[in-house]
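We did not get these values from a lab; they are worked out from the coordinates using the rules stated. Predicted, not measured: the structure shown is a model, and the values here were computed from it. We place every Cβ from the backbone using ideal geometry, glycine too, and count neighbours over all the protein chains shown.
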């Protein structure tokens, strides 16, 4: 049975409550080292790790590969977090409510902060998900993990309330079982 390991990057070095999307913020170095050590003892042998090019994911992959020379890494820009445009770097609480409402009222097609719409984001993640053919791991972000779970469940989005609220915590992972 094939598995897709979904690994969320370590804790980032940014103030809580900030919309950071595709901002290239660094991860906490001690959290990065701890997570890499745990993954080194958990991941199957010879795995290919596809990684978001944002440093909070890329640095984890590099640290992990230093511990496990049987692993290989490939950067995949489709695994970047959703682009929140002008909202990035702003506290969520300071983003005008009418902009948030416009996004949630037209959740699939409204480009959040002038960045990326949810439908464009889902299409981007789907490109990588459709190429998945062997057991592998993705080091990625909360939004990508949510999108992957929707794709895995073959669930269609029609409104904001369809978007999964729950997601694994930073520094954690989950696996999706795929048919053989």
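General observations
- With helices as the sole contributors, the chain gives -10500 deg cm²/dmol at 222 nm; each DSSP H run of n ≥ 4 counts as -39500 (n - 2.57), and the sum is divided by every residue.
- With the simple model of a label 7 Å out from the Cα in the direction of the Cβ, residue 45 to residue 75 spans 3.1 nm.
- Sequence-distant contacts, meaning Cα pairs under 8 Å at least 6 residues apart, place the relative contact order of segment 92-180 at 27 percent.
- Computed from label points 7 Å out along Cα-Cβ, the spacing between residue 1 and residue 159 is 3.5 nm.
- For segment 95-122, the residues whose amide N sits under 20 Å from a probe point set 7 Å from the Cα of residue 174 along the beta carbon direction are 118-119, 121-122.
- Antiparallel DSSP beta bridges within segment 25-180, as percent of all bridges there, nearest 5: 0
- Largest GNM mean-square fluctuation among 153, 61, 123, using the chain with Cα springs under 10 Å: 153.
- Volume per residue that the Cα convex hull of the chain spans, once the total is divided by residue count, Å³: 102
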